[in-house]
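See structure below.
Computed from the coordinates by the stated procedures, all read-outs in this text should not be read as laboratory data. All figures in this text were calculated on a predicted structure; none of them were measured in a lab. Every residue, glycine as well, gets a Cβ built from its backbone with ideal geometry; the counts of neighbours run over all protein chains shown.
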Amino acid sequence: MILIAGGILFLLSNLGLVEFASWRTILRLWPILLIAVGVDLIVARSSLAGALSSLITVCVLLGVGFVAFYLFAPGEWTAREQGVRVPLAGASAGNVALACDACAIRIEGSASADALVEGTVVGPPWATLSQSTDRTGNVPSYALAGRSALRLPFSHFGGATWQFALSDDVPIELSVHADGADLDLTDTNVVRVDLGADERASRIVLSARSSATYDLSGDAITVVVPDGVGVLVDWEAVSAIDAPSGYIQSGSRTVSPDVDVTPVRATVVVGPKTGLTIERAAAVESQPRD
């Protein structure tokens, strides 16, 4: 019984499902074990060995149920939330790198004054986060990476969502790698964006304020083009591309008809085996967002 209970305790702690410190409170409830043995002897068992066998079975079932709850319960029941804010502090530019192997990343709106990036990270308790902040001269760099300790078939990861806002005051190089992404960069000053979206369909709204280069890869990515933005798409070896009528195809390039006259130009480089859909912003304004 001691070996099984101890094994369950350390297993849950190693998986990050329960902090080890919280077990101090549970261990104070040890007299419940004596009560359980006594009740079992009186009600159903005629020997101490039978009572202990029953108690071990109950402990194992509780442990399995505890793990199953954290694996399959709705994300809002078990998710943990953490705030993120990186000060701008007079920076002239910035670098932001976000990577998560079991979550969706969303960027929308502008960060508050004197913030390079801010937002919230919501994920399961078994996810581990590592972040770093550096500064070279007047250019701050922020990197946040999340990794799930568990990726089992049929387990629940839908509650893992990162939501951020970026500064609109300085040029930013942005890197995003996640299962799925919804990036609204309309009002940002991004100059380079590297988006790697693995399993889920992703969406990116191009910046309407600054010309930028976008490196995109993923199973299905939708690019939304605001008014006043010209687009040049280099799509060599992509799996499929769907562009609005009027876009001109030349070899492995697709360009918008106004690419040479618009004040903002977006260069989109599409990785191999990527499905790409290009939409005008006016065509999606009336559509509700998820």
By the mean-Cβ-within-10 Å protection proxy, highest first, 255-268, 214-227 rank as 214-227, 255-268
How do Ile107, Ile248 rank when sorted from fewest to most other Cβ atoms within 10 Å of their own Cβ? Ile248, Ile107
